[in-house]
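Structure, as structure tokens:
Read the figures in this text as sums done on the coordinates, not as results from a lab. Values in this document were obtained by computation on a predicted structure and should not be read as measured data. Here Cβ is always computed from backbone atoms with ideal geometry, including for glycine, and neighbour counts include all displayed protein chains.
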Amino acid sequence: MRFLIKKTGQTDPSDALIEIEAQSFAIGPKSEHLDVCPGLDFDLTIRRAGSDRLKIKSKGGGFFVAGRAFKSRVLDIGDAFQVGFYTLHITRGTLPSDLCIEVTQNEITPACERSAMNFTQAGLRIRFWSYLLFFLMLLGTFLLPFLDTLDAAPYSGLAVPSLVPTASSWSAGPLHSAHVTAGIDNNCTACHSEVFDVIPDTACLACHDQLNEHAVITAANKTHFAGMACTDCHIEHMEPSHLVNNNPKVCVDCHGALLSWAPDMPVAGRFSALDHPEFKVSLWQYRPEAENNAMWQLVKRLDAPDQPAVEQSNLKFPHDTHMDASKMQADNNGSGLACVDCHQIGAVDGEVSVISMEKNCQSCHALTYDLDDPERVLPHGSERQAIAEMESHFYRKARELSFFDARERLYSEAAHQFSDSGCVTCHWVEENPAMPLQERWRVAPVRISQDWYPAASFNHAAHMNTPGISSESSSCLSCHGADKSHDARDILMPKKETCLGCHNSERGGSADACISCHVFHPAKGSPSLEVRGHWLERAELDVDVAQ
Amino acid sequence: MTHQSILAWNRYHYLGWFAGVVGASIAIFVSQFDSPLPPNGGTWQGYTLGTIGAVLIVWLTLLGIRKRSYRSRLGTVEGWTSAHVYLGTAVLIISLLHCAAQLASLNVHTMTFWLMLIVVCSGFYGLYVYLHVPESMSENLGGKYLAHWMSELVDVDRKLAELAVSAQAGWRAEILSALDGTSIGGDRRTQLFRRDHSTMYSAEAGKVISNRDQAAIINTLSRRIPQAHTDEQQSALLNKAFSLFGNRQLLLRRIRKDMQYKAVLKVWLYLHIPFTVSLLVALFVHIFVIFFYW
């Protein structure tokens, strides 16, 4: 059994042929192996597997037959295999029993031909990535959200991972916190009730059904409000949120010039000394000559230094006396009355409580009339009832005390109460001696203004120096000069200049927007649900406008 | 004929277009300041700017068609490319004005902007490399074509293979394995970062080792030269092989550098083109959704 190893390209002929008498031999870098393939860094065992066959087995590497890699393979005479950069051909030797292996060094392929050097042809091409992104985008941004709008998404009703695109990915931006509520925030059609159409007012009014229009809509002025849509001012999905439009231009667009159809409406710009009109106080004007239901008339007028406005509540009340600690103390602790002792301020809405005799006055000004019976008081609010009370009480007393002259006491006490120290302390009282006792005195009716500036909203609590309600009067007195007022007819309301100290658009002061004070949708106005129902009939309205 | 930058094409013709389009867009945007509503994509100004931006984006993608239309007489490709650069930059500004920079949330609308930003920024990178890399490429190739240096490398390799026939078995294997184990290109990262995965068989170590930058074979030969001083023929062959591998090292550096430059000139297109396609989809969806939920 003999192997003949022929090596081509040898300079020394003695190296060109190796004879091996064995059943097998190994080629490799180890010293005990044949080094016929220099550069090979693993072992290759060649074993006879028949008369014309060889079994090639590698350890640590591989060899190639017809381009395919093998670790072990039986080859016949005439076959060839490649290992490293050598090709080994199996041929028959000079003797029939010989097997010859011819080792040939491969041609070296130039390095630049072996490797890819074209960037766009190495790996997946641009076109592949383009198609991939096209289909992914179409699926993720269009098909899945669209199916979601139809409630036909394959994952509808299932708990899907948040990464799966839904119709919410079509939202143009975050909703205002007021709209982040059940039924709206994840339901586009709550507002977008008609696809490919703008949001109708009815979509807003479905929830905001108590809203009033900006003004009382009449046949005369309706054309000037026609066509105004909720979305003209209220835009959703804005960053930052702009649902409540506090831009003064919203108001100045109409109120910046005299409105021919509303000539009484003052011209107003932004809140500044020049652009905003002077404040007008709303006062109840007493007209004793008028009928009962027209006795009080609300008038708005300027409170100018040359023409000071006068309160006509028909009440006598010296604020300065009540706030002077030397004359009046709340709890005999040395301090005078504070504003909030009478004018309670709501902690949230900042509204000032209504003053009443029962709640605020009678604890000091009790209407007692009989020193022998100090618990007994006159009813407040009716002259007749007051006299009836005294009459009843004194005649009952006369039945018990034989010396007591009820009639004399009734007349003297009534005169005392109405003319000297009782009613007359706070009220204006008119006496007509010609009339019988029950009709002799007439107390002028009282009506205190509850809101001198009804067109503006003002949160007292938010304007106090300290959080909540301050017990100190200083923050109240900084706007209302009550401690200097001795006459209830004084108007103690601050003027525009007081507000401009902090809120001035020329200086960029805080809260200088129109809606900081003025409400767009007032408590009194035409109900939007009713008015806008008519506006939807645009065709009819257009005819009106044309006419 | 002197080389002219695409930016300066036709005396900065499209720079004027850029200024005009951007100036008009800013004027349209500023006109919203008189409105009671804040600037946004839903005003008439917003719709106008959006329409201009959308038309420009679609037109910009047509460069891919125009540059393949060799028979087209609709302007020159160079002019189209110049316009592509300037008006592509204008789209970035117009888009910002269109949406009044309301980009804080992530949705299909803002995604359209971010995709456009990726496309424009990758385009900026492409412009930068197209303006600067060709000069470096030319410098690297010494004013010759790459084929010239490839041919030189094949010639050196042939000489080394011929020389190996007469070499002693030990270092002949090293030379042949160094020739066979030299790799130039490969996958994209290899091309882009000029990675060298070349190997050689080391007779001393008895295994295949790294031959990065041909350093191992040059070191091996330099150690073998003094050892072969008694054999004049082998010594001469070793010196010749040493010289040829030194030459080969320089050639390979030059070829790899050129390969890297070509990769740099192409790599941005892997962002620019696929993201342009996705931008077109997002743009369609953006417009559809705006009117779907008007």
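In table form, for the structure just shown:
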quantity: Size-normalised alpha-carbon gyration radius of region A:242-285, reference 2.2 N^0.38 Å; calculated: 1.37
quantity: Kirkwood Rh and Cα Rg combined as Rg over Rh, evaluated for region B:70-155; calculated: 1.21
quantity: Gyration tensor (Cα) of region B:41-115, equivalent ellipsoid semi-axes in angstrom; calculated: 29, 12, 10
quantity: Charge dipole (debye, nearest 20) of chain A; +1 at Cβ of Lys and Arg, -1 at Cβ of Asp and Glu; calculated: 3080 debye
quantity: Cα-only Debye scattering, region A:237-382: base-10 log of I(q)/I(0) at q = 0.15, 0.17, 0.19 Å⁻¹; calculated: -1.14, -1.25, -1.33
quantity: Taking the convex hull of Cα positions in chain B, its mean projected area over all directions (nm²); calculated: 22.0 nm²
quantity: Dmax and Rg, reported as Rg then Dmax, of the protein assembly as shown (C-alpha, Å); calculated: 50.5, 174
quantity: Overall Cα dimensions of region A:180-314 - principal axes, largest extent first, Å; calculated: 62, 39, 31
quantity: Residue order, fewest to most surrounding Cβ atoms within 10 angstrom, among A:His192, A:His237, B:His148; calculated: B:His148, A:His192, A:His237
quantity: Solvent-free Debye scattering, log10 I(q)/I(0), computed from the Cα coordinates of region A:350-496 at q = 0.10, 0.16, 0.21 Å⁻¹; calculated: -0.52, -0.94, -1.35
quantity: Inter-centroid distance (Cα atoms) of region B:30-82 relative to region A:16-66, Å; calculated: 71 Å
quantity: Region B:85-104 and region A:496-516: distance between their alpha carbon centers, rounded to Å; calculated: 36 Å
quantity: Dipole of the protein assembly as shown, positive end: most advanced residue of A:Gly183, B:Ala169, B:Ala101 [Cβ charges, Cα centre]; calculated: B:Ala169
quantity: Neighbour-count order for B:His109, B:His272, A:His179, A:His365, fewest beta carbons within 10 angstrom listed first; calculated: A:His365, A:His179, B:His272, B:His109
quantity: Calculated over region B:183-294: convex hull of Cα atoms, volume per residue (Å³); calculated: 98 Å³
quantity: Residue-averaged 222 nm ellipticity for chain A, from DSSP H runs of 4+ at -39500 (n - 2.57), nearest 500; calculated: -5000 deg cm²/dmol
quantity: For chain A, with +1 on Lys and Arg beta carbons and -1 on Asp and Glu, the positive-most of A:His322, A:Thr218, A:Cys342 along the dipole; calculated: A:Thr218
quantity: Shape box of region B:1-151 [Cα atoms, principal axes, largest first, Å]; calculated: 71, 33, 25
quantity: Per principal axis, descending, Cα span of region A:37-84 in whole Å; calculated: 30, 20, 17
quantity: Dipole-positive endmost among A:His255, A:Thr91, A:His365 within chain A (Cβ charges, Cα centre); calculated: A:Thr91
quantity: Residues A:His319, B:His98, sorted so that the one with the fewest Cβ neighbours within 10 Å comes first; calculated: A:His319, B:His98
quantity: Cα Rg, Dmax, region A:1-123, angstrom units; calculated: 16.0, 56
quantity: Estimated dipole of region A:52-132 in Debye, rounded to 20 [Cβ of Lys and Arg +1, of Asp and Glu -1, Cα centre]; calculated: 520 debye
quantity: Between region A:78-128 and region B:203-230, the alpha-carbon center distance in angstrom; calculated: 24 Å
